[in-house]
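Single-structure report; data block below.
The values are calculated or read from the model by the stated rules, or taken from the named source; none is laboratory data. Nothing here was measured: the structure is a model prediction, and the numbers come from that model. Methodologically, a virtual Cβ is constructed for each residue, glycine included, from the backbone with ideal geometry; neighbour enumeration extends over all protein chains shown. With ligands, DNA and RNA removed, areas are computed over all heavy atoms of the protein, side chains included. Shrake-Rupley method; radii C 1.70, N 1.55, O 1.52, S 1.80 Å.
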Amino acid sequence: MSRILRVAAAQLGPIQKADSRAMVVARMLALMEEAKAQDCDLVAFPELALTTFFPRWYCEDRKEMMPFFEVTMPNDEVQPLFDFAKKNKIGFYLGYAEYVAACASDDGEEHFYNSSILVDKDAQIVGNYRKIHLPGHTEYNPKRAHQHLEKRYFEVGDRGFHVDKAMNGNIGMALCNDRRWPETFRLLGLQDVELTLVGYNTPTHDSLSDEAPDLRLFHSQLMLQAGAYQNSSWVVGIAKAGIEDGHPLMGGSCIIAPTGEIVAQTKGEGDELIFADCDLDACQYYKDNIFNFANHRRPEFYGPIVQQTGRKDP
Ligand code: ING
């Protein structure tokens, strides 16, 4: 009996800096309603789904960005999402800015992460991921038309890449820039992942490069498709898209099969739901043959991948 998971990608259109959590949660609930009407088992939202992509803004004192962070999860403002999940037996993946108070952290220090959670059909948090590959820069860069200050506002995640056994499958999480690094997908692949969820907020332009928006969309799908095929996993990429306070973000949310084929894709840059029946057992043929890691990988030659950070002269 195949393990079919009907998975929805709930792309969000722009969230303006002034938009309240309540306004955003209402939009998310509408997408969850649509997913439920289509009998979906799981709804995946974008990275930083509750707020605008605030790392585009510079502020001297990082504390000024606190209003964009969730101090607890769940909390009163996102509780309706958990209530809907429990009532309708539908799980979700949510990207958000996570604040960990000193009193709640292992080392007695406060922490700031770009995070995601996996919530099951009983509205229980069964997985928490903290973004590892933080792009951009730490200080204000006057040469840039918009800043990209994830390295200023977030710390590198401390939990690595892990796969959670949930919803009758092996589910992994990553966030945005993580998809640009094959190590992300391979680490999940080595943990037998069957479904990889990747929310993203990707600007369509970068003032320091002349990459066209179509090329950036091509890159996003290339990475997600490669990650899926090379690790025998379903992959779902979920965009926050559209123009946020004058800054365009790309769409291109998609659901990709373990064959690497795109089976569903959004058309616009607003709130838009796509879904697909993901047969988790469809991963098995690739895991047992072409990408049978135990039979074919040669770690004895892979040393530089973990011992070396930057390039070296040949
Ligand atoms: N955003 C972008 C991403 O990796 C980026 C940053 C865009 C890096 C284009 C390089 C090229 O999709 C986030 N939030 O990681």
TODO: Starting from the range 134-146, keep only residues that are over 21 Å from Asp178 (Cα atoms) and within 12 Å of the ligand (Cβ to nearest atom), then list their pairs with residues that are open to solvent by less than 30 Å² (accessible area, probe 1.4 Å) and among the small types (Gly, Ala, Ser) whose Cβ atoms are within a distance under 8 Å, requiring at least 6 positions of separation or different chains.
DONE: none
TODO: Residues that are over 30 Å from Gln147 (Cβ atoms) and open to solvent by less than 60 Å² (accessible area, probe 1.4 Å): find the strands (runs of 3 or more DSSP E) completely inside the range 240-314 holding 1 or more of those.
DONE: 254-256, 262-265, 272-279
- [ ] Would you point out the residue of the range 161-171, among those that are in contact (Cβ under 8 Å) with a residue 24 or more places away in the chain and not aliphatic (A, V, I, L, M), that is farthest from the ligand (Cβ to nearest atom)?
- [x] Asn168
Open item on the list: For Ala85, only one of the following conditions fails: (1) under 23 Å from Ile255 (Cα atoms); (2) out of contact with any helix residue (DSSP H, G or I) (no Cβ under 8 Å at 6 or more places or on another chain). What is its number?
Closed with: (2)
- [ ] Find the strands (runs of 3 or more DSSP E) located wholly in the range 47-145 whose residues include 2 or more that are out of contact with any Leu (no Cβ under 8 Å at 6 or more places or on another chain), at pLDDT 95 or above and open to solvent by 70 Å² or more (accessible area, probe 1.4 Å), and list them.
- [x] none
- [ ] Search the range 199-219 for residues that are over 12 Å from Asn177 (Cα atoms) and pair each with any residue that is assigned to a helix (DSSP H, G or I) and within 10 Å of the ligand (Cβ to nearest atom) when their beta-carbon atoms are under 9 Å apart and the residues are at least 6 apart or on different chains.
- [x] Thr204/Arg216; His205/Arg216; Asp206/Arg216; Glu211/His219
TODO: Say whether the condition of being touching a strand residue (DSSP E or B) at 6+ places or on another chain (Cβ under 6 Å) and β-branched (Val, Ile, Thr) is met by at least one residue in the range 243-254.
DONE: no
Task: Qualifying residues in the range 192-236 (those that are open to solvent by less than 10 Å² (accessible area, probe 1.4 Å) and assigned to a helix (DSSP H, G or I)) - the one farthest from the ligand (Cβ to nearest atom) - done: Ala228
- [ ] Answer yes or no: is there a residue in the range 24-38 that is surrounded by 20 or more Cβ atoms within 10 Å (Cβ to Cβ), touching a strand residue (DSSP E or B) at 6+ places or on another chain (Cβ under 8 Å) and at positive phi.
- [x] no
Task: Members of the range 172-190 that are near the ligand (Cβ under 10 Å from one of its atoms), of a type in the set (A, V, I, L, M, F, W, C) and surrounded by 24 or more Cβ atoms within 10 Å (Cβ to Cβ) - done: Leu175, Cys176
- [ ] Within the range 148-156, identify whether any single residue is farther than 18 Å from Phe54 by Cβ and part of a loop (DSSP other than H, G, I, E, B), and answer yes or no.
- [x] yes
TODO: Starting from the range 292-314, take each residue that is more than 20 Å from Tyr229 (Cα to Cα) and list its partners that are in a loop (DSSP other than H, G, I, E, B), counting only C-beta distances under 9 angstrom and pairs at least six apart or across chains.
DONE: Pro304/Lys312
TODO: Name every residue in the range 156-201 that is touching a helix residue (DSSP H, G or I) at 6+ places or on another chain (Cβ under 7 Å) and of a type in the set (Lys, Arg), in order of residue number.
DONE: Arg179, Arg180
